[in-house]
Amino acid sequence: MRSFAFKLFLQVILWHLFLFLSGLVSATWKGNRQMTGALIVSGGSRGIGAATAICAAREGWDVAINYARDENAATSVADQVRSLGRRAIIVKGDMCNEEDIQRLFNDTEKELGPLKGLVTSAGTTGKTVRIEDITVEAINTVMQLNVVGLMLCCREAVRRMSTKNGGGGGSIVNLGSAASRLGGPNEFVHYATSKGAVDSFTLGLAREVAAEGVIVNAVSPGMIDTEIHASAGLPNRAVEAVPGIPIRRVGQPEEVAEAIVWLLSKGASYCAGAIIPVTGGR
């Protein structure tokens, strides 16, 4: 009887030891796959940017949330980041303006420490227009934010993160669009063109700085349920597109955010120059 009780006691002890070690290994594995630190999310007050800031906080990132106009929305996102136990700051700035971009990066490192990640989610479709009716101003507005501003943000990130410049490495995720493949006919070919430039820039920059510890990739969302459609003058655009989406629904910002945050992690450390479609098969 004593022998049986001792064996049972030993089995219980061994089982709990197994569970403890399994949990330790799992936590270590997960920790080794995470890359955390200070993260900038441009256009982080709404849509995909806001979802990314919150998702990143869940994975241990401290987040600088850039916004252009809506301070209340940015503050709400920051509050959600803090509720997850992470630090957050909000920084107003026009991502077309070089001085505002530099201030965003300087404020982030002053408040949150060395930069380890950048997500360039600030962007605009502009208003829908056929090419014969488009103006120079409309083209410039889209290109300045979606291309020039994005490139300047990446420049500032590389200046800080590249081991060549004394940095500790990091990750950049650019926000592209399925429009770069689909072309945006009869709606916004200028926007589609700007996102094609983002794809090319992502590939070139990834190859330029990969050996310097900076990993660059992009996510290419399809039809996502955000305010961007109403801003373009097409509030029902997402719903009307459903029949052409193989998965038969529009995507949610959080689904794009999950892909972005994975690309920021060590789990994606061998991805460089990747453009991941989050399109429902479209």
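All of the numbers you see were taken from the coordinates with simple rules; none came from a lab. Owing to the predicted nature of the structure, the values given are computational and were not obtained by experimental measurement. Cβ placement follows ideal geometry from the backbone for every residue including glycine, while neighbour counts extend to all protein chains displayed.
Quick notes
- Listed residues A68, A122, A157, most fluctuating in the chain (Gaussian network, C-alpha, under 10 Å): A68
- Helical contribution to [θ] at 222 nm, DSSP H n ≥ 4, -39,500 (n - 2.57), averaged over the chain, rounded to 500: -15000 deg cm²/dmol
- Choice from N146, N97, N217 showing the highest fluctuation, given a GNM over the chain with Cα pairs closer than 10 Å: N97
- Checking (i) 146; (ii) 129; (iii) 165 against volume of the Cα convex hull per residue in Å³ calculated from these atoms, the matching label is (iii).
- Segment 37-278, dipole about Cα centre (Lys/Arg Cβ +1, Asp/Glu Cβ -1), debye to the nearest 20: 520
- Checking the Cα-Cα distances for K92/K164; K110/K266; K127/K266 against a 28 Å cut-off, the pairs over it are K92/K164; K127/K266.
- Backbone geometry of segment 158-174 corresponds, through the Karplus equation with coefficients 6.51, -1.76 and 1.60 at θ = phi - 60°, to 3J(HN,Hα) couplings of 5, 4, 9, 9, 4, 5, 5, 9, x, x, x, x, x, 10, 10, 10, 8 Hz, x marking Gly and Pro.
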